[in-house]
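Let me begin by presenting the structure, written as C-alpha cells, before commenting on it.
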Amino acid sequence: MKIALTGTPGTGKSTISRILEKRGFRVHRLDEVARERAWILGVDEERGSLIVDLERLGEYVRENEGIFVAHYSHLLPVDLVIVLRTHPEVLRRRLEARGFDEAKIRENVEAEAMSLITSEAIELHGRERVQEVDTTNLDPATAADEVVAIIKGRRPGAWVDWTEVILGWY
Ligand SMILES: Nc1ncnc2c1ncn2[C@@H]1O[C@H](COP(=O)(O)OP(=O)(O)O)[C@@H](O)[C@H]1O
Ligand SMILES: [Mg+2]
C-alpha cells in the first residue's frame, strides 16, 4: 500500500514519520529522495524552497510501497492520503519557533486555516481516500497511533474545520 503523509509545514510530518519508522513502517522522505537523485526543477525564490520534479517522484511512488512523506506527497499516485492538521495559532507558534519569517508563517498558517492540502487531496483522490489527524492536542506518539489506526483501517479520521478560527481573525 502507498500512503501519503502530508500536511502544512509544522504539522508534524517529520516527527511522526520517525515514530512510524521505529514501529516498522517503510518511510520515504521525498525531499531527501529528490535531493539525492537531483530531481529538482529549480528554486522558488519567493518561498525559498526547492521545486521538486513531481513526475519523477510519481514514478518513484509507483515503484515503491510504504509511507511517502512531504507536504506535496498527496499530489502523487498513492492509495491513501493522511493529512496532519494543526490549529492555526498553534501552528504559528511552531513556525515562529522554527525561525520562519513572517511572510512564510502567514502563508502557511492561512493555507492550514483554509484546509488547502485536504482540498487538493480530495480533488485528486476522492473523499474516501483522504483522512485527517488533528495533532494539536496530541503528543507525537499518540498522533502516530492515530495514523496507524487509519492505515490499519481501524478508524476513519475526523474532518477538521478551522472556519471558526478564521472568523475570529475579523
Ligand atoms: N502531536 C504532535 N505530532 C507531531 N509533532 C508535534 C506534535 N505536538 C507537537 N509537535 C511538535 O511540532 C513540530 C512539528 O515539526 P515537524 O515534525 O518537523 O513538522 P513537519 O515535518 O510537518 O514540518 C515539532 O517540533 C514537534 O515536536
Ligand atoms: Mg518535515
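Values computed for the structure shown
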{"quantity": "Residue-averaged [θ]222 nm for the chain, counting only DSSP H segments that reach four residues, each worth -39500 (n - 2.57)", "calculated": "-13000 deg cm²/dmol"}
{"quantity": "Kyte-Doolittle mean at least 1.0, axial Cα span of 27 Å or more - DSSP H helices of the chain", "calculated": "none"}
{"quantity": "The range 16-111: GluC sites (Glu not before Pro) in DSSP coil with no more than 10 other Cβ atoms inside 10 Å", "calculated": "Glu45, Glu46"}
{"quantity": "Cα lying deepest toward the dipole's positive end in the chain, options Ala144, Trp169, Ala70, charges on Cβ", "calculated": "Ala144"}
{"quantity": "Cα-based shape type of the range 3-114, given that a ≥ b ≥ c are square roots of the gyration tensor eigenvalues and the cut on a/c is 1.5", "calculated": "oblate"}
{"quantity": "Inter-probe distance in nm under a simple model that places probes 7 Å from Cα toward Cβ, at Ser14 and Glu55", "calculated": "3.0 nm"}
{"quantity": "The range 29-170, dipole about Cα centre (Lys/Arg Cβ +1, Asp/Glu Cβ -1), debye to the nearest 20", "calculated": "340 debye"}
{"quantity": "Residues with amide H under 5 Å from that of Gly157, placed H, sequence gap 5 or more", "calculated": "Glu132"}
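Read-outs throughout are calculated quantities, based only on the coordinates presented, and are distinct from any laboratory measurement. What you see is a predicted model; the values in this text were computed from it and never measured. Every residue, glycine as well, gets a Cβ built from its backbone with ideal geometry; the counts of neighbours run over all protein chains shown.
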